[in-house]
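Input: a single structure, listed below in structure tokens.
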Amino acid sequence: MGRGPIPGVRRAGAAVCCGAPVFLLKSIDLIALLGLFVQAFLAWIFVAVLMRVRRSEPASKAVADYSRAFLALAGALTIMSFRFFISHDRVPNNDAWADGRWAAVLSYMGYGGLKTLFGLFLLRGSHQFVGHESPRWLVRAWWPLVLAMTCAPMVIPHIEDLLALQAPMMIGCAIASVRVLPRDSAIGSGMLLVRLALMGLALSWGIHAVAVLWHTSIPLLRYVLAFNSFIDLAVQLTLGTGLIISVLLATHARMRAAERERAQLQRTIDRDEKLRALGTLVSGVAHELNNPLTVILGYAELLDGQDGAAAAKVVGEQAERCRAIVRNLSALAGQRRRSVAELSLQDLVDRIVRGIQRGSSPDAPVMRVLPVGPLRLISDRIGLEQVLTNLVVNAMQASPPRGEIVLAVRATPDGAEFTVSDQGPGVPPELRARLFEPFFTTKDPGKGTGLGLSIAHAIVRANGGTIAIEDGPGGRGACFRVTVPNSELAAIGDGDTPAPRSRPGRLLVIDDDDGVRDVVRGQAERRGWSVTEARSAEEALGLAVQFGQVDTVLCDLRMPGIGGIGLHDRLQQQDPEVLQRFVFFTGDLASPESAAFSRRCTRPLVEKPFDFDELFTLLARNAVARAV
Ligand code: ADP
């Protein structure tokens, strides 16, 4: 690397300055000089590229050391290139070097020191590359070695001797680096190039040492010396390219490993979060369900005693509470089925107020309902009732004793607006954004589940409306504002439009659950229906003649065999007329199959557990509709 052709370079430089171009063109030393310039230029390019890589990889010690190595190399080669211009006239030949003139001596001192630094940084970078610290001897020998190589030109007057001195150090650094670097690894082609280049470096210095020591006795070796700068050029090119490829590939491999680790961590966090959410949900559900279940169990025992009728009433109420909890959870999960119908808003408000005031204490807040008038809305009655009930219950809990809660309804251009305001403490602005998050509650453990408003939000959204909180009247308390647009009226609804008067008929119940069939039969017979049962869709198909004889069919979705969905699809193809008598039911709207079926099913789909009055109204209407 710019060391062999120096005497020739001097001659070439002298020739340029003395204006003897013909001589220069013929001189092999001019080619060597060009090689030196190209080497210096290339070294600076590698410095620039490695510095750029270093900026994006600030933590990589290997990249830092390789950058320093190339910086030292570029410095050494540049000094040698400039040395030619500075001292060629004063040091026209090799013998004059012995005079020790300052420009030449200083240049060689810089060159020797920087080349030593190049070898050492290369070796240390290789250690860093495989994740080791350099051995102690290297650390200890570092600066004395650099100092020795820098000072050598002051005491060793001949360039050949200097180069012969440098050769073992460079060969040592190159071989040690080859031994340190991984042989075959994921780092791949880049590392292979680096290893090849380092072996080339050792070999080139070996050849160089031989050439400088014996070129006077073997003239041919002079040509080897001259062309050595091209060997160095090739070595440097390979080394720089290999280093950059290896560093980039290693960075890429590290990034992919980090990416994998991050993805793994994210999966763990997601799972933990889901488990935490599930835990909160389970404890909320357990708390909500355990209370009514305790009452149900207690009264069920009492049913054996004397006060059977009163106990049965309480059992029914508590079971209804359980059903409401399950429906709430389904609503939160977006699995609630809307039943759209035209409603009288006065009736809706009356029902809510009746439900709230049942069992309220004398100290309870006062409920004031502003006049509603004959307003009507096409919407999801059960959903709206649930939303408004929840807002009123929250308002009652927040209100001071005998505080006032105002429920107001007004028509909007596309539907209706409801407001529920109270005189409680209100909700601080910083909490408002979190109010509709599931499980957000400020109530004491066991008092609130934090599900009410998130369920209200889910229901309102499903109905195309909005829900928001603002300050209560006069800036006191809280005011929840709900807007709901009119929905498209579905063909089959269960709103408060009066059902046509119907007479009981013949009912076919298809369900694999004996308990469900028994209770449906009991309820149906109490209402005057006659009942046929089938335990599966296949069994019902076997009774095919029955389809024509019954007025309506109540069919479960999930059963062994083709199930209710399979039966629906088969009848739709083979006998769509018979399908018109069907009402489907399921306890499992949450499953993807049931959810998908509910979207394409043209028949009524009822959720378990039933409200039997509503169920038989629907069955009667279905039978009547068919009979019309
Ligand atoms: P829960 O009532 O089980 O806590 P909600 O989702 O219904 O769950 O309510 C979430 C929180 O919103 C309540 O804990 C309460 O802090 C706040 N909040 C709801 N309504 C009101 C209200 N009218 N006044 C003050 N705070 C309210």
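Checking the condition among the hydroxyl-bearing types (Ser, Thr, Tyr), within 49 Å of the chain's Cα centre (by Cα) and open to solvent by less than 10 Å² (accessible area, probe 1.4 Å), which residue from Ser134, Ser126 passes? Before you say what the answer is, go through the steps one by one.
On the way: Ser134 fails: open to solvent by less than 10 Å² (accessible area, probe 1.4 Å).
Being among the hydroxyl-bearing types (Ser, Thr, Tyr), within 49 Å of the chain's Cα centre (by Cα) and open to solvent by less than 10 Å² (accessible area, probe 1.4 Å) holds for just one of Ser134, Ser126, which is Ser126.
Within the stretch 470-505, work out how many residues are of a type outside the set (Ser, Thr, Tyr), at pLDDT below 90 and either part of a strand (DSSP E or B) or closer than 25 Å to Leu615 by Cα (or both).
16
How many residues, within the stretch 457-472, are out of contact with any strand residue (DSSP E or B) (no Cβ under 6 Å at 6 or more places or on another chain) and not acidic (Asp, Glu)? Lay out the reasoning, then the answer.
Here is the first cut: in the stretch 457-472, the residues out of contact with any strand residue (DSSP E or B) (no Cβ under 6 Å at 6 or more places or on another chain) are 458-459, 461-462, 471.
Now restrict to residues that are not acidic (Asp, Glu): 458-459, 461-462.
So the answer is 4.
If you scan the stretch 211-229, which residues turn out to be under 19 Å from Gly35 (Cβ atoms) and either touching a residue at least 12 places away in the same chain (Cβ under 8 Å) or not basic (Lys, Arg) (or both)? It would help to see each step written out before you state the result.
We begin by selecting, within the stretch 211-229, every residue under 19 Å from Gly35 (Cβ atoms); these are 211-212, 215, 220-229.
Residues satisfying the conditions are Ala211, Val212, His215, Leu220, Leu221, Tyr223, Val224, Leu225, Ala226, Phe227, Asn228, Ser229.
Quick one: Ala458 ticks every box in (1) aliphatic (A, V, I, L, M); (2) at pLDDT 90 or above; (3) outside any strand (DSSP E or B); (4) more than 9 Å from the ligand (Cβ to nearest atom) bar one, so which box is it?
Condition not satisfied by Ala458: (2).
Can you work out which of the residues in the stretch 413-448 that are of a type in the set (Val, Ile, Thr) and within 8 Å of the ligand (Cβ to nearest atom) is farthest from the chain's Cα centre (by Cα)?
Filtering the stretch 413-448 down to residues of a type in the set (Val, Ile, Thr) leaves 419-420, 427, 441-442.
Restricting the remaining residues to those that are within 8 Å of the ligand (Cβ to nearest atom) gives 420, 427, 441-442.
Numbers: Val420: 39, Val427: 33, Thr441: 27, Thr442: 30 Å.
Filtering the stretch 413-448 for residues that are of a type in the set (Val, Ile, Thr) and within 8 Å of the ligand (Cβ to nearest atom), the one farthest from the chain's Cα centre (by Cα) comes out as Val420.
Identify the residue in the stretch 383-412 that is more than 11 Å from the ligand (Cβ to nearest atom) and within 37 Å of the chain's Cα centre (by Cα) and, among all such residues, is nearest to Ile325 (Cα to Cα).
Gln386
How many residues are among the aliphatic types (A, V, I, L, M), at pLDDT below 90 and either out of contact with any strand residue (DSSP E or B) (no Cβ under 9 Å at 6 or more places or on another chain) or within 17 Å of Arg506 (Cβ to Cβ) (or both) if we restrict to the stretch 540-578?
6
So which residues in the stretch 49-70 are open to solvent by 60 Å² or more (accessible area, probe 1.4 Å) and in a helix (DSSP H, G or I)? So that I can check it myself, show each step before the final result.
Pass one, the stretch 49-70, residues open to solvent by 60 Å² or more (accessible area, probe 1.4 Å): 51-52, 54-56, 58-59, 61, 68.
Correct list: Met51, Arg52, Arg54, Arg55, Ser56, Lys61, Arg68.
Is it true that some residue in the stretch 357-367 is within 16 Å of the ligand (Cβ to nearest atom) and touching a Ser or Thr at 6+ places or on another chain (Cβ under 7 Å)?
As a first pass, look at the stretch 357-367 and keep what is within 16 Å of the ligand (Cβ to nearest atom): 364-367.
Filter once more, so that each one left must be touching a Ser or Thr at 6+ places or on another chain (Cβ under 7 Å): 365.
The answer is yes, given that some residue of the stretch 357-367 is within 16 Å of the ligand (Cβ to nearest atom) and touching a Ser or Thr at 6+ places or on another chain (Cβ under 7 Å).
Inside the stretch 571-593, can you point out the residues that are free of Cβ contacts under 8 Å to residues at least 60 places away in the same chain and in a loop (DSSP other than H, G, I, E, B)?
Passing the criteria: Asp575, Gln580, Arg581, Gly587, Asp588, Ser591.
Listed here are the residues, each with its yes/no results for (1) of a type in the set (A, V, I, L, M, F, W, C); (2) closer than 20 Å to Val406 by Cβ; (3) at pLDDT 70 or above.
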residue: Asp307; (1), (2), (3): no, no, no
residue: Ala311; (1), (2), (3): yes, no, yes
residue: Leu329; (1), (2), (3): yes, no, yes
residue: Ile356; (1), (2), (3): yes, yes, yes
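So is Ala596 in a helix (DSSP H, G or I) and either in contact with a Pro (Cβ under 6 Å, 6 or more places away or on another chain) or open to solvent by 30 Å² or more (accessible area, probe 1.4 Å) (or both) or not?
Working: in a helix (DSSP H, G or I): yes; either in contact with a Pro (Cβ under 6 Å, 6 or more places away or on another chain) or open to solvent by 30 Å² or more (accessible area, probe 1.4 Å) (or both): yes.
Considered against the rule, which asks whether it is in a helix (DSSP H, G or I) and either in contact with a Pro (Cβ under 6 Å, 6 or more places away or on another chain) or open to solvent by 30 Å² or more (accessible area, probe 1.4 Å) (or both), Ala596 comes out as yes.
Taking the condition among the small types (Gly, Ala, Ser), in a helix (DSSP H, G or I) and more than 22 Å from Glu607 (Cα to Cα), does Gly548 pass?
On the way: among the small types (Gly, Ala, Ser): yes; in a helix (DSSP H, G or I): yes; more than 22 Å from Glu607 (Cα to Cα): yes.
Spelling it out, Gly548 is indeed among the small types (Gly, Ala, Ser), in a helix (DSSP H, G or I) and more than 22 Å from Glu607 (Cα to Cα).
Taking Leu453 as the residue in question, decide whether it is in a helix (DSSP H, G or I) and within 7 Å of the ligand (Cβ to nearest atom).
On the way: in a helix (DSSP H, G or I): yes; within 7 Å of the ligand (Cβ to nearest atom): yes.
Judged against the criteria, Leu453 is a match.
Scanning the stretch 96-143 for residues that are touching a Pro at 6+ places or on another chain (Cβ under 7 Å) and over 28 Å from Ile244 (Cα atoms), which turns out modelled with the highest pLDDT?
Within the stretch 96-143, the subset touching a Pro at 6+ places or on another chain (Cβ under 7 Å) is 97-98, 100, 105, 108-109, 112, 130.
The next check asks that each one be over 28 Å from Ile244 (Cα atoms); those that pass are 97-98, 100, 105, 108-109.
Working: Trp97: 52, Ala98: 49, Gly100: 49, Val105: 81, Tyr108: 86, Met109: 90.
Looking at residues that are touching a Pro at 6+ places or on another chain (Cβ under 7 Å) and over 28 Å from Ile244 (Cα atoms), I get Met109.
Of the conditions (1) more than 7 Å from the ligand (Cβ to nearest atom); (2) touching a helix residue (DSSP H, G or I) at 6+ places or on another chain (Cβ under 7 Å), Ala478 clears all except one; give me its number.
Only one criterion in (1) more than 7 Å from the ligand (Cβ to nearest atom); (2) touching a helix residue (DSSP H, G or I) at 6+ places or on another chain (Cβ under 7 Å) is unmet by Ala478, namely (1).
The values are calculated or read from the model by the stated rules, or taken from the named source; none is laboratory data. Every value quoted in this text rests on a predicted model; they were computed, and no experiment measured them. Virtual Cβ from ideal backbone geometry, glycine too; neighbours counted across all protein chains shown. In case anyone asks, the SASA skips ligands and DNA or RNA and just uses the protein heavy atoms, side chains included. Shrake-Rupley method; radii C 1.70, N 1.55, O 1.52, S 1.80 Å.
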